[in-house]
Structures are given as C-alpha cells and as structure tokens.
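Taking it in order: structure first as structure tokens, then the write-up.
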Amino acid sequence: MTTITDIDLLEGLRKQSPKAQQQMLECYGRNIFAQVARLVPGIENAEEVYQDVFVKVFNNINRYDAEKSALKTWLSRIAYNESISFLRRKSLPVVYYEDRNGEAEKLSDEEVDETFGRPNAETVQLIRAALKHLPPDERALITMFYYEEMSLKEIAYVTESIPTTVASKLSRTRKKLYKIIKILQS
Amino acid sequence: MKEEQLNTLRQQDINLRDALKLDEAELPQMPADLNARVMQRATQQPRKTTVRRIWPWLAAACVVGFIIVNLMPPKASSPISLQGEGGVVAEKESQPEVETPSVEQPSIEQPSAELPIKHSAQTRVKRMVAKVQPAKVEVSEPFAEEPLLAQEVATPETEKKTKVEPTVTLTERDIPITRPENYKYTPEEIALMKKQANEAYLKWAQLELEIAKHNLEQTAQK
C-alpha cells in the first residue's frame, strides 16, 4: 500500500507542484516506460503513450484512492489502459497465434510443467520466440505475474478484472505458450 | 487454478522467467529527455475538466425539460379543466348548458339506457340547473346542429324521471368524453360497426375469388 514517501508525494502532486511531478517521474518513470514498451510496438509510440500516461496522472491525481491500491499499481493501471487504447486507436497490424479450437486446454499439465520447469537454454529461446506470438494483453499478463511478481489481486486491479478471471487466463496463456512452442518446434 | 498453485508455478517455471528477463533486457531504453518533455507538456496543457463535466448535465436538463413539456396535460379551453371548488362548480355549470337542446328539441333527445350512470348525472345536473337558469337559452342552438350518432334507448323509469324534471335531461352525447360513462359504445354504434365489418368481409371474399379466378386462368393458359 501507500508508503510515507508516497503520501508526501501525493500531497505535492495534488498541489500541482512541479517538484513533486519530477520526483514521481524519477521514481516510477522507468517501470512505466518498460510496461508501455512491452505492449506498444516502436519506441516513438511508446514515448507518446508514456507522455499521455503521466499527463493523465497529473490531471487526475485527485481521483487516486489510497485505500484501493498502491500508487505504483494505480500508475500501472493507467499505463495499461492507455496502451490498450492506443493499440485500438491506431489499429496497428499485430500478428499473433489464436487458439480457436481450444487445443491448448487439452494439453496435459505435466508436459507443460516439464517444458517450463526443466532448465534448458534452447527452451528459453523457444519461449522467447513464442512470447512474440501472444496477443499484447496476454503477454502483459504473463510479464506482470512472472517478471514483476504482482499478485492476482494487483493484476486484476490493473486489468480491471477479477482475480479468478486472471487466474484462469494465466493458466490458459501458459498452455497456449506451450502449444506455440510445439508448433515452432515442428 | 488456485492462487497457491500459480504461485508455486511461478517459482517452478524457470525457463519462462529466464525468457522474460532476457526479453526485458532487450526492451528499448527510455530516452533521457523524455521526462523533460512530459514536464513541458504537463505545464503547457490547460485543464478542460470543468468544460467537459458541464455538458452532460446540460444535455440531461434539456431532455428532462423536453419530457416534461411533452407529457404535461394540455390546457382545456372550457372551465372543466379547473380544479378545486371553482372547477367543480364550473363543471356543473357546463352540464346545464349542455342539457338545453333536450328541452327545446324533444325529437333529438332520448333518455339513456344506462340507468345508474344517467341517474347520478341527472341528479348532479338537477342541482346546478336550479342555480343556473339563464344559461340554458343561450347555448342550446349549437348543440341542435350536431348529428345524432349516439341514441339512447328509452326505458319507462327514465321516461318517468324526465317527466318529473322537464328542464333537466342529459344525452350521452352531452357528457364530456373524459367521463368514464362515455367510454362505452352505444348499441347503434355497435350495429354500425358490425355492418361495416360484414361489408368489408364480403368485399374481401369477392377479391379472393377474383384472385383465384385469375390464377386459374393463368395456369390454364400455361
């Protein structure tokens, strides 16, 4: 939740203090940029979305409710929504794998666990290639859970969903990733 | 899948975590001047929130006004629409005005078949006629010219009542359309509607026959 430094920061932001705004950019800017860059292709697009995110944050700081989430999680939510809106607005051509027949669901958990669990450099490269074939929102989900180590509740807040939906989506995406790896191997 | 299971997988899926770490390292770096650009944009951008928030309320107010204007009952030209004692008196006063054609033109007037309704109307009118005598003569002429669509069947009881009260007679036509007793069709209106329905049915049957004949001719020619 909100720390003491966050409280001071929030006070300054509500007064529209440039110093507080600068401090916020220094504290959270790098993470937010990385999050945006994962979702939005191209550095110019990522810069544009990054600016939109923080302008929106500065203008709507009074809407932040410290009881609902931490400041970082709130920022992540705005960044996620802005990125998804940007992708929809621009209709950028994105090619990704779609499991229409639900074949990934039929895969056994043991196979999937073994592929992801047993250390193997070749598998790592295959996973990296497979990640590029995931839709942006599913990729963001995997990254938030595995890389940023966010809880299901935090991810649900960011994606405006509920924890059970996030859990089932994570499980499905994991199997889908395995399916893509199998296709790439063949 | 439960959260505990997923948390266990998070620790076990080493390859996936390594792949994500490598991908993160290859992400484009944030430009050094990007934060300065953000600050510049934040200071330059004026706030528009107040303007944005007013227009939904204005739109809602316009819609509410429109609904109120459309749903408000129309103002009646006659005093019948007035409420309170003044309105009741005006309503009663209008009834004796309506009654006068029955007094001066007995050929048009026929007592009503619907006893309870007429009785209450007539008693009410009785009281008002006693109050408003001069108004009778003035209003009679326009009502005399109305075509007779609603005729009332005479019954012995109503005839007696009309005899007892020579100046007080009401036809169903005279009662305003907003009164509940005027919602029913008279027997004459019902007979007319049945006749029209029969004629329409006959015409339809004739048309169907013609269509059938035409179709037969067409198939015969083929």
> When B:Met1 is evaluated against the numbered criteria (1) facing chain A (nearest Cβ under 10 Å); (2) modelled with pLDDT under 85; (3) farther than 30 Å from A:Ala167 by Cα, which criterion, by number, is the only one it fails?
Replying inline: (3)
> If you check A:Ala37 against the conditions, is it part of a helix (DSSP H, G or I), at the interface with another protein chain (Cβ under 10 Å from one of its Cβ atoms), in contact with a Leu (Cβ under 6 Å, 6 or more places away or on another chain) and on the phi < 0 side of the Ramachandran plot?
Replying inline: yes
> Going through region A:114-123 one residue at a time, which ones are within 23 Å of the chain's Cα centre (by Cα) and surrounded by fewer than 19 Cβ atoms within 10 Å (Cβ to Cβ)?
Replying inline: A:Gly117
>> Which residue is nearest to the other protein chains (Cβ to nearest Cβ), if the candidates are limited to region A:157-167 and must be surrounded by fewer than 21 Cβ atoms within 10 Å (Cβ to Cβ) and assigned to a helix (DSSP H, G or I)?
In response: A:Ala167
>> Given the criteria more than 13 Å from the chain's Cα centre (by Cα), in a helix (DSSP H, G or I) and more than 9 Å from chain B (Cβ to nearest Cβ), does A:Thr173 qualify?
In response: yes
>> So if I check each of A:Glu138, A:Glu122, A:Glu148, A:Glu154, which one is more than 9 Å from every other protein chain (Cβ to nearest Cβ), among the acidic types (Asp, Glu) and not in a helix (DSSP H, G or I)?
In response: A:Glu148
>> So, A:Ala20, is that one among the small types (Gly, Ala, Ser) and either surrounded by fewer than 15 Cβ atoms within 10 Å (Cβ to Cβ) or within 15 Å of the chain's Cα centre (by Cα) (or both) or not?
In response: no
> Under the condition of being of a type outside the set (A, V, I, L, M) and either under 13 Å from A:Tyr178 (Cβ atoms) or in a loop (DSSP other than H, G, I, E, B) (or both), which residue from region A:125-135 is nearest to the other protein chains (Cβ to nearest Cβ)?
Replying inline: A:Lys132
>> So the check is Cβ under 8 Å with 6+ separation or different chains; which pairs have a first residue in region B:182-198 that's polar (S, T, N, Q) and a second one that's assigned to a helix (DSSP H, G or I) and surrounded by 11 or more Cβ atoms within 10 Å (Cβ to Cβ)?
In response: B:Asn182/B:Glu172; B:Thr186/B:Glu172
> Of the residues that make up region A:83-98, is at least one within 29 Å of A:Thr5 (Cβ to Cβ) and at pLDDT 90 or above?
Replying inline: yes
>> If I filter region B:40-52 for residues that are surrounded by 14 or more Cβ atoms within 10 Å (Cβ to Cβ), within 9 Å of chain A (Cβ to nearest Cβ) and at pLDDT 80 or above, do I get at least one hit?
In response: yes
> Could we say that A:Asn81 is polar (S, T, N, Q) and closer than 20 Å to A:Ile155 by Cβ here?
Replying inline: yes
>> Looking at A:Asp65, A:Asp6 in this structure, which one is over 14 Å from the mean Cα position of the chain (by Cα), away from chain B (no Cβ under 11 Å) and assigned to a helix (DSSP H, G or I)?
In response: A:Asp6
> Hey, among the residues in region B:13-39 that are within 18 Å of A:Leu131 (Cβ to Cβ), of a type outside the set (D, E, K, R) and not in a loop (DSSP other than H, G, I, E, B), which one's farthest from the other protein chains (Cβ to nearest Cβ)?
Replying inline: B:Ala25
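The values are calculated or read from the model by the stated rules, or taken from the named source; none is laboratory data. Everything numeric in this text was worked out from a predicted model, so none of it was measured. Please note: Cβ atoms are built from the backbone with ideal geometry, for glycine as well, and neighbour counts cover all protein chains shown.
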